[in-house]
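S.K.: Dumping the structure here so I can ask a few things about it.
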Amino acid sequence: MSVFDDFSQFLETRLEEFMRENPHLELMAMEDQLYQQQQEIVNLLATLRLKEKRLQDEIMATAQEVQRWHERIEKAKKAERWDLAKPAEEREAALLREGNEKWTEMEATKQKIRQSLELQVQIQKRLEEVKAKVAEVQRTRTSQSAEQTWKTTGWTQSSTYGRPTSADPLEQAFRKWETDDELEELKRKMGQ
């Protein structure tokens with residue numbers, strides 16, 4: 001097992017070195033991770049909001065049941081039906097406990113929603129910071145690449161200025177002028 005641990009440690013070390021040497025890749029990985037966290041928060045918020053809505057509906061339904069049993073209790077008491085009034089009071093108390101539990105659960109869900117929204121804002125800020133850093137690193141890399149290309153262009157690439165070509169209009173103009181000048185010089189020498 002030690003060989004695997006050593007190999008795993010070696011790979012982790014090499015990966016860390018590679019990331020230090022290529023900070024833009026580390027930033028891109030961080031950006032991807034933040035996008036994933038952002039999506040997870042969006043999904044969590046959707047789930048929490050559905051849960052909050054379900055709990056609100058259950059609380060309303062429980063409140064209606066409490067009201068219905070309260071009316072039954074009053075009706076049974078007026079009719080002096082103690083055999084029905086006492087169990088109805090117990091049912092009402094159980095429904096009130098159930099409603100309180102659901103209310104507590106809903107409040108906890110609302111707190112989770114608030115915390116998730118705060119976390120979403122933090123992730124968004126961090127994502128913007130990382131995006132800006134990625135763009136900065138990219139500009140720096142592009143600038144360095146262009147500078148390196150500019151420095152090596154004169155030495156590694158051929159230039160058309162040193163070797164005239166027949167398609168060069170400046171070259172053609174000079175050749176015509178030089179030819180005309182030579183003809184004029186020949187005419188003067190022959191005319192003497």
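The values are calculated or read from the model by the stated rules, or taken from the named source; none is laboratory data. What you see is a predicted model, and the numbers here were worked out from it, not measured in a lab. Every residue, glycine among them, receives a Cβ derived from its backbone with ideal geometry; neighbour counts consider all protein chains shown. All accessible areas refer to the heavy atoms of the entire protein, side chains included, with ligands and DNA or RNA removed. Shrake-Rupley method; radii C 1.70, N 1.55, O 1.52, S 1.80 Å.
S.K.: Being without any contact (Cβ under 8 Å) to a residue 40 or more places away in the chain and within 29 Å of Arg49 (Cα to Cα) narrows it down to one residue among Arg72, Arg68, Arg91; which is it?
M.R.: Arg68
S.K.: Taking region 58-106, which residues are assigned to a helix (DSSP H, G or I), open to solvent by 50 Å² or more (accessible area, probe 1.4 Å), more than 30 Å from Thr47 (Cβ to Cβ) and not charged (D, E, K, R)?
M.R.: Gln67, His70, Trp82, Leu84, Pro87
S.K.: What do you reckon, is Lys133 among the basic types (Lys, Arg) and over 26 Å from Glu26 (Cα atoms)?
M.R.: Numbers: among the basic types (Lys, Arg): yes; over 26 Å from Glu26 (Cα atoms): no.
Spelling it out, it is not the case that Lys133 is among the basic types (Lys, Arg) and over 26 Å from Glu26 (Cα atoms).
S.K.: Further question on the same structure: State yes or no: is Leu48 over 22 Å from the mean Cα position of the chain (by Cα), surrounded by 14 or more Cβ atoms within 10 Å (Cβ to Cβ), at pLDDT 95 or above and hydrophobic (A, V, I, L, M, F, W, C)?
M.R.: Numbers: over 22 Å from the mean Cα position of the chain (by Cα): no; surrounded by 14 or more Cβ atoms within 10 Å (Cβ to Cβ): yes; at pLDDT 95 or above: yes; hydrophobic (A, V, I, L, M, F, W, C): yes.
No.
S.K.: Related question: Go through region 107-144 and count every residue that is of a type in the set (Ser, Thr, Tyr), farther than 20 Å from Met60 by Cα and either exposed (fewer than 12 other Cβ atoms within 10 Å of the Cβ) or touching a residue at least 12 places away in the same chain (Cβ under 8 Å) (or both).
M.R.: 3
S.K.: Of all residues in region 155-182 being of a type outside the set (D, E, K, R) and at pLDDT 80 or above, which is farthest from the chain's Cα centre (by Cα)?
M.R.: My answer is Thr179.
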